[in-house]
Amino acid sequence: MRSSPPRIAVIGVGSFGKNHLRIIHESQASGLAKLAGIMEPDPARAANFAAKYSCPIFSSIDELATASDAAVIAAPTPNHADLGCRLMEAGCDVLIEKPIADTLAGAEALIATASRTGRILQIGHLERFNPAILALGKHVTTPLFFEVHRLAEFSPRSLDVDVVLDLMVHDIDIILSMTGTMPEEIRAAGIHILSEKVDIANVRLQFPGGCVANLTASRVSAERVRKLRLFQPNEYISVDYASKEGSRFFIGPEGEDGTATRAIGFEPLLVEDGEPLRLELEEFFHCIATREQPRVTGAAASAALQVALEILEKIEEHSELVKRTLAQG
């Protein structure tokens, strides 16, 4: 167990990295962490946040690693594997924003490097720390059907990846964690609208044992929706990621003589308040201190990435089918 708070740097202080920066800075007051500094390719942005949080700007990975015990990587996805491996080789623990990488080879390199160097590798699948999802996890028994909608208004952020890797991967990760297995069949369709990547996708996953998950993700919606519905024996649970609320509908037990009518019950999920990113970072601090494995390991994130990439392959297959159909008139 560490006797002093870990020195943590942030790589990339853009639209999401700046939130990591804020929470790490605030955590200094409680002695949970110490902000080591930042690394950011935009000089003006780097200067602005360095002044705001009174921290240094690092010009290289070597300089950062010398002054830090750990780092949060909030850089573009294609850079995750290279940055993560270099930092772990230099002795730093890392928290990498989702997805773990843009290729399975990159994910495997990160996992292998973490194992060989004994470094903590945590992946930022933030919805795992959503208080409503934490509450839902206490009631999951035998999932039979998932219905998930994740819709967002268009933003130029994260256009280096498809909507599947940008948004849907959150829900893929959660469903894999609740089913405990990989899908045996994937069907998917998607199109690009405002970017050169897939902007909207609809997916059907079937798992061994019969569980089915329908997922829709869009970043060209007129409204923001983030909801998950789970059906399992004698129970239906609905969760709103955005409001951090949920409710259960269930069939009550039979009477002692077995003839009484089974009443339908309803109750809200008991959700403890909390900011998901703060909970995620506090787990990272804890893992750095205790060397325990995080909730979202490299292996778990790699599994989500594998499914996401297979979905993109299915979308491409469907696109080619549509092109052939149109060409045939």
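The values are calculated or read from the model by the stated rules, or taken from the named source; none is laboratory data. Note that the structure is predicted; figures quoted are calculated from it, not measured. Positions of Cβ are generated from backbone atoms using ideal geometry, with glycine treated the same way; all protein chains shown enter the neighbour counts. Only protein heavy atoms, including side chains, enter the accessible area calculation; ligands, DNA and RNA are left aside. Shrake-Rupley method; radii C 1.70, N 1.55, O 1.52, S 1.80 Å.
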### Listed peptides 120-133, 22-35 by packing density, highest first (mean Cβ within 10 Å)
120-133, 22-35
#### Entry: Eligible lysines near residue 197 by straight Cα distance, threshold 24 Å, same-chain separation 8 or greater
98, 227, 314, 323
### Query
Percent of accessible area on the range 208-329 owned by carbon and sulfur, 1.4 Å probe?
51 percent
### Task
With a probe of 1.4 Å, find how much accessible area the range 96-217 has per residue, and write the answer as a whole number in Å².
39 Å²
### Query
Counting each DSSP H run of 4 or more residues in the chain as -39500 (n - 2.57), what helix-only mean residue ellipticity at 222 nm follows after dividing by all residues, to the nearest 500 deg cm²/dmol?
-11000 deg cm²/dmol
### Task
Under 15 Å from the Cβ of residue 141, count the other residues' Cβ atoms, weight Lys and Arg +1, Asp and Glu -1, and hand me the total.
+1
### Gyration tensor (alpha-carbon) shape descriptor, the range 174-224, a/c threshold 1.5
prolate
### Message
Give the separation of the Cα centroids, the range 48-112 to the range 175-228, in Å.
### Response
29 Å
### Query
Local charge sum around residue 48 (other residues, Cβ-Cβ under 12 Å, Lys/Arg +1, Asp/Glu -1)?
+1
### Query
Highest GNM mean-square fluctuation, the chain, Cα pairs closer than 10 Å: which of 80, 318, 149?
318
### Query
For Rg/Rh (Cα atoms, Kirkwood Rh), which listed value, [x] 1.01; [y] 1.09; [z] 0.97, comes from the coordinates shown?
[x]
### Query
How much length is gained if the chain between residue 105 and residue 225 is pulled fully straight, taking 0.36 nm per residue apart and subtracting their Cα-Cα distance, in nm to one decimal?
39.9 nm
### Task
Name the most mobile residue of 44, 188, 74, meaning the one with the largest mean-square fluctuation, in a Gaussian network model of the chain with Cα contacts below 10 Å.
44
### Message
Rounded to the nearest 20 debye, what is the charge dipole size of the chain about its Cα centre when +1 sits on each Lys and Arg Cβ and -1 on each Asp and Glu Cβ?
### Response
480 debye
### Choice from 214, 202, 19 with maximal GNM fluctuation in the chain (Cα, 10 Å cutoff)
19
### Relative contact order (percent, whole number), the chain, Cα cutoff 8 Å, 6+ residue spacing
18 percent
### Message
Just want to confirm a number: the relative contact order over the range 70-148, from Cα pairs under 8 angstrom separated by 6+ residues, in percent.
### Response
28 percent
